[in-house]
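Novice: After the structure tokens below, expect a handful of questions from me.
The values are calculated or read from the model by the stated rules, or taken from the named source; none is laboratory data. If you're wondering where the values come from, they're calculated on a predicted model, not measured in any experiment. Cβ: placed from backbone, ideal geometry, glycine included. Neighbour counts: every protein chain shown. Side chains included, ligands, DNA and RNA excluded: accessible areas come from the protein's heavy atoms. Shrake-Rupley method; radii C 1.70, N 1.55, O 1.52, S 1.80 Å.
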Amino acid sequence: MLLRLILLMTIVFSALTGVARAEPKEILVLTWRGPTPAEEGFMNELDMLGVEANFEFFDANRDQDKLAGFLRENLDRLKKKDLIYTFGTTTALTTRNFDFEGVPHLFNIVTDPVAVGLAASLDAPGHGSTGAKMSLPADVILELTEQIHHYDKIAFLFDPREPNAVSEVDQLTAIARAKGKDAVQLRFTPDAAEKELQIAALAPQVEDADIVFLTSTSSFIANSHLLKEIIPHDKVSVSSSTAYMSEGVTVSFGTEYRERGVAAARVAAKILKDNMHPNDVPIDEITTEDATIFINKDSPAASKLHLEDAKNPIKYK
């Protein structure tokens, strides 16, 4: 009886004041390799910002054809969404191939949205899309790396099938060489049948480098146990993603996935609450000052780092 009375009073009050409760926003969440802390941060922060939403989830399970099939089969229904959230570069690029007739597209965990064609610029993204950039600029990453570990030769490990990784490794290589470093690109497709042959061929090239950089690559994260077979435990290894640290990577620069989800939610609120067009909402980027240096406390190579020279906050994982 008390619950009914409260409900009745709420209805009467709304009618008298003319206040209508806003309909929940309908948001499609597309992930590439299952839910991550980024999506948790995104949903929690939206709630904190007062955006009530219903979420529909679809995971591609690292299958681009599966994702495209879902979008194609449900296109008419999905055109009624208020927002489409995508995790990762491949998911975002695949989604961009479909016409949702003006439904805003919010991407997250993308290393360089401009380089891969998702955005015209960080300040004015265009294409009906905006979002949160995952990593620091390539020059900043290399600058932070050299602050704590001097190197002459750097090896960049990447999967050539992933646009995100190719864009990142090309930028890093160009900047490293401009700094006078010996930079080599090492290709690795971890889910290929001949992966053991690849690992055997990569080992001496990795051993010859002073430092190994792992690009932000979904296939590496899904097969991260193989990284220990390629990178010696006492070799300094670096990444712009903390996702590798549980598999022995020495140091990472940037921020956590959950924090990127929070940033993406704040971008989304400008669209869903403030009625801004995504073309007019700048892409959120981690600043150099906000970057954290994450150190793998269990890595034997961590003892080689000169952390006393670091200018950014340090966090052990």
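Novice: Look through segment 119-147, keep the residues that are touching a helix residue (DSSP H, G or I) at 6+ places or on another chain (Cβ under 8 Å) and over 23 Å from residue 217 (Cβ atoms), and return whichever of them is most open to solvent (accessible area, probe 1.4 Å).
Specialist: 127
Novice: What is the residue count in segment 184-210 for residues that are open to solvent by less than 60 Å² (accessible area, probe 1.4 Å) and touching a residue at least 40 places away in the same chain (Cβ under 8 Å)?
Specialist: 4
Novice: Checking residue 256 against (1) open to solvent by less than 40 Å² (accessible area, probe 1.4 Å); (2) of a type outside the set (S, T, N, Q); (3) modelled with pLDDT of 95 or more, only one condition comes out false. Which one?
Specialist: Among (1) open to solvent by less than 40 Å² (accessible area, probe 1.4 Å); (2) of a type outside the set (S, T, N, Q); (3) modelled with pLDDT of 95 or more, the lone unmet condition for residue 256 is (3).
Novice: I'd like to verify a number: residues in segment 58-69 that are loosely packed, with under 13 Cβ neighbours inside 10 Å and touching a residue at least 24 places away in the same chain (Cβ under 8 Å), how many?
Specialist: 1
Novice: Quick one: which of 86, 145 is modelled with pLDDT of 95 or more and among the polar types (S, T, N, Q)? Steps first, please.
Specialist: Working: 145 fails: modelled with pLDDT of 95 or more.
The match here is 86.
Novice: Can you work out which of the residues in segment 103-113 that are modelled with pLDDT under 95 and part of a loop (DSSP other than H, G, I, E, B) is nearest to residue 217 (Cα to Cα)?
Specialist: The extreme case among them is 111.
Novice: Which one is farthest from residue 151 (Cα to Cα) among residues in segment 228-245 that are free of Cβ contacts under 8 Å to residues at least 40 places away in the same chain and within 20 Å of the chain's Cα centre (by Cα)?
Specialist: 243
Novice: Could you grab me the full set of residues in segment 211-237 that are surrounded by fewer than 17 Cβ atoms within 10 Å (Cβ to Cβ) and not in a helix (DSSP H, G or I)?
Specialist: 232, 233, 234
Novice: Need pairs with beta-carbon distance below 7 Å; first residue part of a loop (DSSP other than H, G, I, E, B) and within segment 70-98, second among the aromatic types (Phe, Trp, Tyr) and open to solvent by less than 30 Å² (accessible area, probe 1.4 Å); sequence gap 6+ or separate chains.
Specialist: 79/100; 88/32
Novice: Further question: Which pairs turn up if I take residues in segment 38-52 that are assigned to a helix (DSSP H, G or I) and look for partners that are of a type in the set (Phe, Trp, Tyr) and open to solvent by 70 Å² or more (accessible area, probe 1.4 Å) with beta carbon separation below 6 Å, at least 6 apart in sequence or on another chain?
Specialist: Close Cβ pairs (under 6 Å, with a partner that is of a type in the set (Phe, Trp, Tyr) and open to solvent by 70 Å² or more (accessible area, probe 1.4 Å)) do not exist here.
Novice: If a residue has to be assigned to a helix (DSSP H, G or I), of a type in the set (A, V, I, L, M, F, W, C) and open to solvent by less than 10 Å² (accessible area, probe 1.4 Å) to count, how many in segment 151-183 make the cut?
Specialist: Number of matching residues: 4.
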